[in-house]
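Just below is one structure, and these are the notes that go with it.
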Amino acid sequence: MTTLRVQSVLFHSDADSVVRAFDALAHAGLRALKSGDFTAIEMAYGDCSSMPIFDAARLNGLVERHPHVKVQYQFFEDNLGSAKGHNTLLATASTDMVLIMNPDVMLAPDTLIELALPFQSDRVGMVEARQLPVEHPKEYNVLTGETSWAATACALMPTSVCREVEGFDHETFFLYCDDVDFSWRIRLAGYKVIYQPSAVVFHDKRLGSGGRWVAGSAEQYFSAEAALLLSWKWSRPDITDRLLTIFRGAAEAHLQKAAATFEQRRAEGRLPCPLDTEHRVAQFVDDAYAAHRFVIA
């Protein structure tokens with residue numbers, strides 16, 4: 001018997017989009033229940049918004065439409081960020097498996113079934129879905145599915161593995177790269193991280209005229225901050241120093257701020273202890289965290 005918790009962290013999310021994603025999850029869940037891949041499914045929301053996105057009436061509406069999915073909702077009364085938000089939810093997880101999912105991700109009807117398939121092999125710690133319309137370009141082994149890291153826009157894992165690696169590192173990462181660090185710690189513990197292209201989801205990314213998603217101010221800043229912290233934590237101070245030099249001299253305010261924040265952390269002794277000093281797990285390839293199979297121009 002395998003039970004599943006799906007959890008999403010909300011932050012001023014559009015309620016209608018969250019409901020559409022929940023409907024897609026419920027349909028995929030019904031198929032996975034009928035196939036026997038899972039025996040019970042619950043959905044846990046953690047809300048970091050300034051005001052609750054859902055009220056009791058709307059939550060009851062979700063349950064009435066899809067009674068086979070148990071729904072939990074927690075209003076955090078604070079912006080915890082992605083890593084701490086998921087850790088807070090994980091603290092109450094009692095299911096066998098956990099699916100970390102962005103609230104704007106819509107599952108195909110067979111996504112849960114396809115995500116579960118790799119766990120038939122030994123030492124699989126995490127399985128990532130394929131995102132459309134913009135597929136992540138990181139490389140993976142086409143025979144085994146093994147990859148450097150998994151994006152937690154939609155990734156399935158045993159709850160026991162989450163607990164073994166002590167969840168996300170919310171002391172270091174607020175947003176962005178928390179999933180890279182999480183994946184690498186899972187691999188460091190001896191598990192495989194798998195990319196499963198047959199498990200398809202639609203990730204509601206807003207694309208610009210050039211066909212790429214447009215990064216908002218939060219993504220620009222926290223991605224830069226996380227790049228410094230990730231390279232430091234994973235024993236690549238040479239990369240940290242190079243990025244600091246670039247960021248300090250950059251015209252962009254968010255890069256200068258990221259450099260200043262990192263230096264403040266260092267002065268206060270709040271940098272993470274370096275891991276993987278033999279460089280067995282972490283990959284830094286051209287400012288990415290895996291080799292890429294194609295380039296998005």
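For the list (1) in contact (Cβ under 8 Å) with a residue 24 or more places away in the chain; (2) in a loop (DSSP other than H, G, I, E, B), I need the number of the one condition that Gly269 fails. Every listed condition holds for Gly269 apart from (1). Count of segment 231-259 residues, restricted to those that are among the small types (Gly, Ala, Ser), within 26 Å of the chain's Cα centre (by Cα) and more than 27 Å from Leu188 (Cα to Cα), is 2. Can Glu219 be described as outside any loop (DSSP other than H, G, I, E, B), modelled with pLDDT under 95 and within 30 Å of Pro133 (Cβ to Cβ)? Yes; evaluated as a whole, the condition is true for this residue. Against the list (1) over 28 Å from Lys34 (Cβ atoms); (2) in contact (Cβ under 8 Å) with a residue 60 or more places away in the chain, the condition Leu99 fails is (1). In segment 129-138, the condition of being within 20 Å of Arg280 (Cβ to Cβ) and outside any loop (DSSP other than H, G, I, E, B) is met by at least one residue.
Picking from residues in segment 151-169 that are part of a loop (DSSP other than H, G, I, E, B) and among the small types (Gly, Ala, Ser), the one that is nearest to Asp276 (Cα to Cα) is Gly167.
For segment 52-67, indicate whether the set of residues that are in contact (Cβ under 8 Å) with a residue 40 or more places away in the chain, among the aliphatic types (A, V, I, L, M) and farther than 24 Å from Arg185 by Cα is non-empty. For segment 52-67, residues in contact (Cβ under 8 Å) with a residue 40 or more places away in the chain, among the aliphatic types (A, V, I, L, M) and farther than 24 Å from Arg185 by Cα: present. The set of residues in segment 170-202 being in a loop (DSSP other than H, G, I, E, B) and surrounded by fewer than 24 Cβ atoms within 10 Å (Cβ to Cβ) consists of His170, Glu171, Thr172, Phe174, Leu175, Tyr176, Ala189, Gly190, Tyr191.
Gly208 satisfies every condition listed in (1) in contact (Cβ under 8 Å) with a residue 12 or more places away in the chain; (2) out of contact with any His (no Cβ under 9 Å at 6 or more places or on another chain); (3) of a type in the set (Gly, Ala, Ser) except (1).
Of the residues screened, Val9 is one that is closer than 30 Å to Ala226 by Cβ and of a type in the set (Val, Ile, Thr). The one condition from (1) modelled with pLDDT under 95; (2) within 23 Å of the chain's Cα centre (by Cα) that Phe284 does not meet is (1).
The values are calculated or read from the model by the stated rules, or taken from the named source; none is laboratory data. Since we're looking at a predicted model, the values are computed, not measured. A quick note on method: Cβ atoms are made from the backbone with ideal geometry, for glycine too, and the neighbour counts reach across all protein chains shown.
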